[in-house]
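Participant: Mind looking over this structure? Questions follow.
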Amino acid sequence: MRSGEELDGFEGEASSTSMISGASSPYQPTTEPVSQRRGLAGLRCDPDYLRGALGCLKVAQVILALIAFICIETIMECSPCEGLYFFEFVSCSAFVVTGVLLILFSLNLHMRIPQINWNLTDLVNTGLSTFFFFIASIVLAALNHKTGAEIAAVIFGFLATAVYAVNTFLAVQKWRVSIHQQSASDYIRARTESRDVDGRPEIQRLDT
């Protein structure tokens, strides 16, 4: 029979061997958070945003911009064509940019990029789209040849202008609220820090 010391020696060698093999094994248990491994799998649509005023306006903007772009694309002849090309560029750009923002807001993807001021981004997009859609619709109305596609494009262009204008007004209100909230939080944080300094006289002596 083996003595107790020999058995202890074998157990120590076995434990050290298992530790070495476990360290070298490629199948190690991971401590990575589940949320990081999922990536985009955890995305969920935000029905509250889509049912709200801003969400409905975004959907209407995408639809109207797309219809206006389709109408202008069906025109086969133009002379002059500058107004048509300008309207085409405005409607396509508004459709793409607003569509991207709609996806970001409806899936809450903008919450993952807090470095960007999304309220200001939405305000700039809606403001520029309102201005350029209005100008492009006026130019196309003045230079069109009274065809059905051109008249339809002008109508949907002005409808898009109105929807973007309403969204711009709401975006301004939301941006102002966010500015007030940010200033209020900065004021509260400054008051809290000043109270902490007042309650610690040793910091004041060091400062003086």
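Participant: With no solvent and one equal point scatterer per Cα, compute the Debye intensity ratio I(q)/I(0) for the range 69-183 at 0.13, 0.19 Å⁻¹ and report its log10, rounded to two decimals.
Facilitator: -0.56, -0.94
Participant: Could you please tell me the mean projected area of the C-alpha convex hull for the range 41-93, averaged over all directions and given in square nanometres to one decimal?
Facilitator: The orientation-averaged projected area of the Cα hull of the range 41-93 comes to 5.2 nm².
Participant: Take F156, F131 and sort them by solvent-accessible surface of the protein heavy atoms, 1.4 Å probe, largest at the top.
Facilitator: F131, F156
Participant: Give a residue-ordered list of calculated ³J(HN,Hα) values for the range 168-174 (Karplus: 6.51 cos²θ - 1.76 cosθ + 1.60, θ = phi - 60°; whole Hz; x for Gly, Pro).
Facilitator: So the J values, rounded to whole Hz, are 5, 4, 5, 5, 5, 4, 5.
Participant: To the nearest 10 square angstrom, what accessible area does C56 show with a 1.4 Å probe?
Facilitator: Counting only protein heavy atoms, the figure is 70 Å².
Participant: Here is a further query. Which order do the peptides 137-143, 114-120 come out in when sorted by mean C-beta neighbours inside 10 angstrom, highest first?
Facilitator: Listed from highest to lowest mean packing, they are 137-143, 114-120.
Participant: May I pose another question? So what does V124 come to for accessible area, using a 1.4 Å probe and Å² rounded to 10?
Facilitator: Its accessible surface works out to 70 Å², give or take rounding.
Participant: Top to bottom by accessible area (1.4 Å), largest first, where do E150, E88, E82, E73 land?
Facilitator: Solvent-accessible surface, decreasing: E82, E73, E88, E150.
Participant: For H145, what accessible surface area do you get with a 1.4 Å probe? Give it in Å², rounded to 10.
Facilitator: Its accessible surface works out to 90 Å², give or take rounding.
Participant: Moving on. Just by accessible area at a 1.4 angstrom probe, what is the order of F89, F95, F105 from largest to smallest?
Facilitator: Sorted by accessible area, descending: F89, F95, F105.
The values are calculated or read from the model by the stated rules, or taken from the named source; none is laboratory data. None of the values given here were measured: they were computed from a predicted structure. Because the Cβ atoms are built from the backbone with ideal geometry, glycine has one as well, and the counts that use them run over all protein chains shown. Protein only, heavy atoms only, side chains kept; ligands, DNA and RNA dropped before computing areas. Shrake-Rupley method; radii C 1.70, N 1.55, O 1.52, S 1.80 Å.
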